[in-house]
Structure formats: structure tokens, C-alpha cells
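Inspection log for the structure reproduced underneath, given as C-alpha cells.
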Amino acid sequence: MKSTTQGMVVTGVVVGVLYAILAETRWSRSRARWRFGLSPVAVTVLGFLTMLIWIATLIFLKPVLFTNFRGLPTTHARYATGAGLLVIYAAYVVALVACYRWIAPRDRVMREPDLKRPDAGGRPSTRRAVVATAAGAVLAYPTYRIIDHLYDEATFPYDGTVYSGPGVKPLVPADQFYTVTKNVVDPDVDRSRWGLEIGGLVDHGHTYSYDEIEALPSVEQETTLMCISNHIGAGLQSNAIWTGVPLRELLTRAGVQGGAVEVKLYGADGYADTFSIDKAMEPTTLVVYKINGGPLPRRHGYPVRMIVPGMFGEKNVKWVTGIDVIDHDGKGFYEEQGWGPNFDVPTRSDIFAPKWTRRRGKDSFDQPFAANQAVEIRGRAFAGNRGVKGVDISLDDGKTWKPTRIQYAGTKLTWSFWSYTWTPLIAGDYMIVCRATDMNGDVQTSEVRGIAPEGATGWQRIAAHVQ
Ligand SMILES: Nc1nc2c(c(=O)[nH]1)N[C@H]1C(S)=C(S)[C@@H](COP(=O)(O)O)O[C@H]1N2
Ligand SMILES: [Mo]
């Protein structure tokens, strides 16, 4: 998304220069009267251009406009983001006009009776232009950062927290694990003051201290997490070994009453999410305090978070402080925005090597392949909590399929890594496709579906050129 804000800044510079050129044309200067020392022609064109650029931005950003995660429903978020962009653009126009007005004042043109030379007092002062350019240069980076930050706020706060590319490993180091948060600033929880309150429809509510949780018999469980916003082929997915206590243990101790339908979990950041009591009682649903044997990093929920295999990342509440057993179908932070209601991960697969790039929704390998030369195509597959049985590859856009080699099988709760050695014999264009089959024998659907509201589906297709 960085490129989007960079594009906005570059556009701003181009529009600014255009405005200056326009204001200085003979045509504009000879135009009737300048009001408030401004060229009506230049201001009109600027206004028109801004609206055009605004509309173009909305069209360009359409796929992410609704992903305003500031707690607004997706339908409203779309308008909030659009209006926010318009405010930013309008602020830019006002700043540009005011700044230019200061560099090239026109007051005297209007006051002086000598209108034979309408540009008499209006030549831009070189000194002012230099000062303004220098100030602009100094302010450029902070301004860019502010716009970038506002943009992230309004849309996707995901920059730099994805895990993808040819170097990915089956077990992801904690400091490279993908990250998604609704917060501008994540909670900084003091472990000694932290507590986990088990309440709602239970016989004996209890608030566990960190030491109490740590003293309970623990399990180690490798589990893959994937965000519901993960596009096919994208990096909002990672795998690690988690250490913690089955939630079932805590609920059994508390004594779940009849009529329990779901559990509702609360995070220290005001986040909440829900899942069924049956899911809560599965032995693999964990309350965890370690990742890969070390403490949870702050951004992954220190000191304690949930691991809910088979369901999208959303349900894996971080900085968890409370779990209520409830008697109805409650809604979490994302479900209230219009996501779901089904949060089970559909079977997925993608290719991470050799390196490929997505342009306008189409994927292609960065480098051409050489005929008669073997190349290793590698990828990953994930089937929620069903496990990956195998992955097939097609070199002809899905007409025929060949099985791949599973290089890292993982478990039912993790992704698998696969590879296929391809020796193309004939030069030309190929479409490489992969599809996974889960342990139930169900093949990954080819139906292309976007991330909202229940996660993306469809096969990844990457164009390859053999020469
Ligand atoms: N308290 C809290 N828990 C949360 C979130 C959050 O914003 N606050 N984000 C959720 C989302 S959308 C995802 S995809 C996962 C990401 O977990 P990770 O950052 O450890 O990869 O955390 C989930 N748990
Ligand atoms: Mo997510």
C-alpha cells in the first residue's frame, strides 16, 4: 500500500507545478480580474482536476475502501474513507493556493490603475519561490508520513507485517510472524497485573493470574493462523508452535451451565470475538502464553492470547482478559462490521517460489524459464483444521493436473509446503495453477471469491514464459 501514498504525493507535486504554470500563462494573466489575488482560471481548473483525481482514487481503491477497521460497519466505512480522502485533497488544494498566492502576490495588479501591464506586480518573486521550495522540501517527508499514516488508518494497517516470498519457512520465527491489529497503539500489558476472568454461564467464575495459568498442565501445539483478509497468494498467514492450556480445562473447572451457546472473548484493547461452545470445548482450542518456546511478543498478544484452529485469525483474540459463556449467538468486532458469519478457513494453496509479481490482479513469474532446464516450483497449502492431503499442479491452466511432492507435511492444524520440479521442453506461454485437497478428500474450490465477507477462494494462476 506504500505505493498508493507515494502515488498521491507525486500526483500532488505534479498538480502543484501544473497550477503554477497555468496561473502564469499569458491567457490566465490577461483574464478579467483576479479575485483575492487568485487566478480564477487556475483555481477552476485546480478544483476540477482535484475532483477528477478524487473519483479516480475511489475507483482505484474500491477493493480496499470498505476495509476501514475503525469499528465501522463495512458499508459505512466505505463512505468514511471516501469523505476522509476528499478532506485530505481539499486541504492540499487550500494549502497549494495559499502558498502560491504568497509566492506570487497579485494584489497590486488589482489596485494599480495601470492595467495595461496586468502582470506588473504579479511576477513570482524568486526569493519567495526559493523559500517556499526549501520549506516544501523540508516538510515533504513529515507530510508524506502523516498522509501515509492517515491512509493506513483509513484502510489497511498491514504494511510490512506479511509473510511471503521465496524465503518463507514452514516454522515462522516470532519476529516475522504476520501481524494484524485494529489498534494504532497495541496494549502494553503488565503481566503481574494481568488477569483472565472466566464468567457468564458458569457455576464458579474465576479470575486467573498469569502464574496460575502457567502452573496448569500445558500443551505444545503447532498451528497455522490466517487472516480473513488474506488474498489468494498473499502473506497474512504464518505457522508457529504455541504453548498453553486448553480452554476446555478452564471451562470444565468453572462448570459450564445448561443453555450455553457460545463463548465471548474480550481483549485488553476493547476487541471482542465469539465462537461456539463446541469449538471452545475442542482440546485444540488453547489459551497460550508462548510462541516457539519464547514469550509472546507484544504485538502477538502478550502475555496471553487465544489459538482457535480452523477459524480465521480474527477469532484468535490477543491480550485476552475475559471469557464469558453466553446463551445466544453473539457477534465479534468483525462480524459487527459485516464479515462472516462463517469464519471457517476454506482450503487454500499458493506458490511462493520462484518469485512472481501481481499486476492489475494478474500474477506472473518475474523471470522467464529456460527450455530443457529444470526449475523447482514451491508453494504452501492450508486447510484450516482439516489438514492437507496433497497438492496438484497444472501447467496448462487447469486442463491437466500432476501431483506435487509434499516437502513439509505439518499436522492437521498447519499448512503444508509442496514442490514440483518442472522441465519445460517447448518455448511459449504457460499458466501455472495449484490446488490443494484436504484430509477429507475435498478439493480446493476454483470459484473465485473476494476476501469479504467470508475469506477469499479460488486457484492461484501464475503466467510463466519459457524461452
Ligand atoms: N485483541 C485483539 N485480538 C486480535 C486482533 C485485534 O485487533 N485485537 N486482531 C485479530 C486479527 S484480525 C487477526 S488476523 C489475528 C492476527 O494475529 P497475529 O497478529 O498474532 O498474527 O489477531 C486477531 N486478534
Ligand atoms: Mo484478521
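With contacts taken as Cα pairs under 8 Å at a separation of at least 6 residues, the chain carries a relative contact order of 12 percent.
When each full DSSP H helix of the chain is screened for a Cα extent of at least 27 Å along its own axis and an average Kyte-Doolittle hydropathy of at least -0.5, the helices passing are 2-24, 40-60, 74-103, 126-154. With all projection directions averaged, the alpha carbon convex hull of the chain covers 28.4 nm². Relative to its residue count, segment 309-467 spans a Cα convex hull of 140 Å³ per residue.
Annotation: for a label point projected 7 angstrom from Cα along Cα→Cβ of residue 131, residues of segment 82-98 with backbone N closer than 19 Å are 95-98.
Its Cα gyration tensor gives segment 196-247 an equivalent ellipsoid. The semi-axes, each the square root of 5 times an eigenvalue, are 31, 16, 8 Å from largest down. Gain on full extension, evaluated as 0.36 nm per residue between residue 426 and residue 292 minus their Cα-Cα distance, stands at 43.7 nm. Entry comment: accessible area of segment 380-467 is 45 Å² per residue, from protein heavy atoms only and a probe of 1.4 Å.
The values are calculated or read from the model by the stated rules, or taken from the named source; none is laboratory data. Here the structure is a predicted model, which means the values were calculated and not measured. Methodologically, a virtual Cβ is constructed for each residue, glycine included, from the backbone with ideal geometry; neighbour enumeration extends over all protein chains shown. SASA here: full protein model, heavy atoms, side chains in, ligands and nucleic acids out. Shrake-Rupley method; radii C 1.70, N 1.55, O 1.52, S 1.80 Å.
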